[in-house]
Amino acid sequence: MTDPNVMRVTSAPTTADLAAAERITTFLTRTYGWMFAGLLVTAGVAAFTAQSPALLQAIFGNMILFFGLVIAQLGLVVWIGRRIETMSPTTAAAIFLGYAGLTGLTFGAVVTFYTAASLGTTFLVTAGMFGALALYGTVTHRDLRGLGQFAFMGLVGLILASLVGLFWHNDALQFIITVVGVIVFTGLTAYKAQMLKSMALAAEGEQAQSFAVYGGLTLYLSFVNLFLMLLRIFGRRR
């Protein structure tokens, strides 16, 4: 039985603990700042594209140009992912913002297909879900690497199913893709948010700044894809 007169002694955080916490806080601030910057660029370019019938016709009326944009987006993501450890912060930022701009071009059609009210509602739902998942991934003491591996396997299956869906238009398949997509990107969001803390302690100086840009890109990808999946559910066509 514990003596109520005995006070429980807790160890005070060490200087190393405080320094690590400060590094993580600074890194997360930069990372989420870059994510928001990417979203703003995408939204601005998408709004501009939606107001330009000539630009929409040029992009979506020419399949070579459209798929060229898609391939360019994939190429930028692969490039920054493979070179981020030696890439300067300026180059990483240029690639990320360039990717966000290209995404805005392809998002121009999304803006024209759906009502403004449904776009706004879906964005708010996405922001709420993303915020809750990112917070959980940041504060939880559970190891989410198993969840991350499961989500990545689900992502591979989702990509394959989406490719099939391009050639086989089936409502049941599209519904399954949507549900699986929401599950996959919710899992990835929590996992990536937790991994950011490890990234914060793995680099210093300019490399840490580059890693922050890359972390912002990974969060941006989760947010955008989660938004697209939820738009299939809440979106109302014009």
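The values are calculated or read from the model by the stated rules, or taken from the named source; none is laboratory data. A quick note: this is a predicted structure, and the numbers were derived from the prediction, not measured. Backbone-built Cβ (ideal geometry, glycine too); neighbour counts: all protein chains shown. The protein model used for the area step is the full one, side chains on, heavy atoms only, and it has no ligands, DNA or RNA in it. Shrake-Rupley method; radii C 1.70, N 1.55, O 1.52, S 1.80 Å.
Computed per residue of the chain from DSSP H runs no shorter than four, each worth -39500 (n - 2.57), the mean residue ellipticity at 222 nm is -29500 deg cm²/dmol. Heavy-atom accessible surface of the range 86-238, averaged per residue, reaches 50 Å², computed with a 1.4 Å probe. Among Arg237, Arg30, Arg82, the order of accessible area from largest down is Arg82, Arg237, Arg30, computed with a 1.4 Å probe on protein heavy atoms. Protein-only accessible surface at a 1.4 angstrom probe places the residues Ser198, Ser222, Ser88 in the order Ser198, Ser88, Ser222, largest first. Taking a ≥ b ≥ c as the square roots of the eigenvalues of the Cα gyration tensor, an a/c ratio of 1.5 or more together with a/b larger than b/c marks the range 192-238 as prolate. Couplings 3J(HN,Hα) for the range 44-51, derived from phi with the Karplus relation 6.51 cos²θ - 1.76 cosθ + 1.60 (θ = phi - 60°), are x, 5, 5, 5, 5, 5, 5, 8 Hz, where x marks Gly and Pro. Of the chymotrypsin sites (Phe, Trp or Tyr not before Pro) found in the range 16-91, none is in coil by DSSP with at most 16 other Cβ atoms within 10 Å of its Cβ.
Provide the FRET efficiency to the nearest 0.05 for the Val139-Thr90 pair, computing r from the beta carbons and using R0 = 22 Å.
Details: r = 32 Å, r/R0 = 1.46.
Efficiency at R0 = 22 Å is approximately 0.10.
Relative to the longest principal axis of the Cα atoms of the chain, the long axis of helix 63-83 lies at roughly 20 degrees.
Rolling a 1.4 Å probe over the protein chains gives Val125 an accessible area of about 50 Å².
About the Cα centre of the chain, how large is the charge dipole given +1 on each Lys and Arg Cβ and -1 on each Asp and Glu Cβ? Please answer in debye to the nearest 20. Numbers along the way, then the final one.
Values: 13 positive and 8 negative charges, 96 e Å.
Computed charge dipole of the chain: roughly 460 debye.
Residue order by solvent-accessible surface for His169, His141 is His141, His169, largest first, with ligands and nucleic acids left out and a 1.4 Å probe. Heavy atoms only, probe 1.4 Å: what % of the accessible area of the chain goes to carbon and sulfur, would you let me know? The nonpolar share, carbon plus sulfur, comes to 68 percent.
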